[in-house]
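The values are calculated or read from the model by the stated rules, or taken from the named source; none is laboratory data. A quick note: this is a predicted structure, and the numbers were derived from the prediction, not measured. Here the Cβ positions follow ideal geometry from the backbone for every residue, glycine too, while neighbour counts run over all protein chains shown. Note: areas computed on protein heavy atoms with side chains; ligands, DNA, RNA excluded. Shrake-Rupley method; radii C 1.70, N 1.55, O 1.52, S 1.80 Å.
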Amino acid sequence: MTSLVDAHVHLYEFNRKEIEDFISSNMLLVAVAEDYDSSIRNLELRDEFPENVRACVGLHPWNVKQEADALRQLEQINGLLKEADCVGEVGLDLKFTPTTFNLQKQVFQALLDMAVSHSLPLNLHAAGAWSQVFEMLVQRGAKKAIFHWYTGPISLLQEITEKGLYISINASASIQEKSKNIARNTPLHLLLTESDGPYSYRGLNLSPLLIPGLVKLISNLKRIEEGKLTQEIHKNITTLFQKH
Ligand SMILES: [Zn+2]
């Protein structure tokens, strides 16, 4: 069955009514975590809605603050990997949290190795650190990953997609020219859609409800019929989340 895809959403932050609305619209929701507690919430939501929710576990780079706490959470998250569908939201951030960069690298390396050893896809945050995150993936041999809300250079986008890694276009593309350009330059077989909801971007309240409009926008940008685009995106997420 073909449904719309939100490849990066902080699902547990929405209220019960909103979550039920997303589920009843038959969307596939990849729920990302920010820490151990939200990792648990994601697994619970996935178990409740197994058809519609994929559960990521992880430690967001913004929550990497202090070494002892980060190491403790890594160990707890490691214990959840057997049940998880993916590892995220993980990565590096030089744009908003540059002061903890060294510790972020240490934590990301550990999470990368966990994902690779369990053959789980990564849901990546790489604001201001696109090339550093890409280099670490290549170094550690990670072959399954989504670069969430990619806004890095087009030359690096080519390197990323040559490795068969996925790019998710954020719903903010409606007001962000950079994202439109990324959508135009991403090969169809590696393209995904996402909201990053419930984050607010320049007054736009991001939510899975914006995905239909995003698909319409991308279908115009890439001159692909909407139904065909929906099918392709669904095929992409299915391929990425195939267990083997
Ligand atoms: Zn996010």
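Residues that are out of contact with any Asp or Glu (no Cβ under 8 Å at 6 or more places or on another chain) and either of a type in the set (A, V, I, L, M) or under 22 Å from PRO98 (Cα atoms) (or both) within region 116-138 comprise VAL116, LEU122, TRP130, SER131, GLN132, VAL133, GLU135, MET136, LEU137, VAL138, listed in sequence order. Only one of the numbered conditions (1) within 16 Å of the ligand (Cβ to nearest atom); (2) among the aromatic types (Phe, Trp, Tyr); (3) free of Cβ contacts under 8 Å to residues at least 40 places away in the same chain is violated by PHE108, and that is (3). Among strands (runs of 3 or more DSSP E) entirely within region 8-102, having at least 2 residues that are open to solvent by 80 Å² or more (accessible area, probe 1.4 Å) singles out no element at all.
In the set (1) open to solvent by 10 Å² or more (accessible area, probe 1.4 Å); (2) within 23 Å of GLU159 (Cβ to Cβ), LEU190 fails one condition alone, (1). Inclusion of SER174 among residues that are away from the ligand (no atom under 16 Å from the Cβ), over 18 Å from the mean Cα position of the chain (by Cα), open to solvent by 30 Å² or more (accessible area, probe 1.4 Å) and over 24 Å from HIS234 (Cα atoms) is not warranted.
Only one of the numbered conditions (1) under 18 Å from the mean Cα position of the chain (by Cα); (2) open to solvent by less than 30 Å² (accessible area, probe 1.4 Å) is not met by LYS163, and that is (2). For region 112-151, filtered to residues that are within 16 Å of the ligand (Cβ to nearest atom) and polar (S, T, N, Q), the residue that is modelled with the highest pLDDT is ASN123.
Looking only at residues that are outside any helix (DSSP H, G or I) and not aliphatic (A, V, I, L, M) in region 217-244, which one is most open to solvent (accessible area, probe 1.4 Å)? Top of the filtered list is ARG223. Residues that are more than 12 Å from HIS60 (Cα to Cα), open to solvent by 10 Å² or more (accessible area, probe 1.4 Å), outside any loop (DSSP other than H, G, I, E, B) and not β-branched (Val, Ile, Thr) within region 106-126 comprise GLN106, GLN109, ALA110, ASP113, MET114, SER117, listed in sequence order. Just one of the listed residues (SER155, SER200) is within 16 Å of the ligand (Cβ to nearest atom), over 18 Å from VAL30 (Cβ atoms), polar (S, T, N, Q) and loosely packed, with under 15 Cβ neighbours inside 10 Å, and it is SER200.
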